[in-house]
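Below: one structure, written as structure tokens.
Please treat every number below as a calculation from the coordinates, not as lab data. Remember, it's a predicted structure, so these values are computed and weren't measured experimentally. A quick note on method: Cβ atoms are made from the backbone with ideal geometry, for glycine too, and the neighbour counts reach across all protein chains shown.
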């Protein structure tokens, strides 16, 4: 896991047979599952695409659409985030 003041970043290999479970103790978070290109665009402030979205119920589950290397970002729309989130691949 990589922590910045604005987002948490996790990377892993997963596919449609996996469930990515994000547990959080805040009222909401954005959960963004991206490939490498889109994650790079996210970090550079460019347009990007992702799977997931705003989560207001914990845990939040999603499945990668295909096998591969994935980047998962958890953020609060520009607000600081540092703890209170756990991610596991099931």
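Here are the numbers for the structure shown:
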item: Rg/Rh ratio calculated on Cα atoms of the chain (Kirkwood radius); result: 0.93
item: Protection-proxy order for peptides 13-23, 28-38, each taking the mean of Cβ atoms within 10 Å per residue, highest first; result: 28-38, 13-23
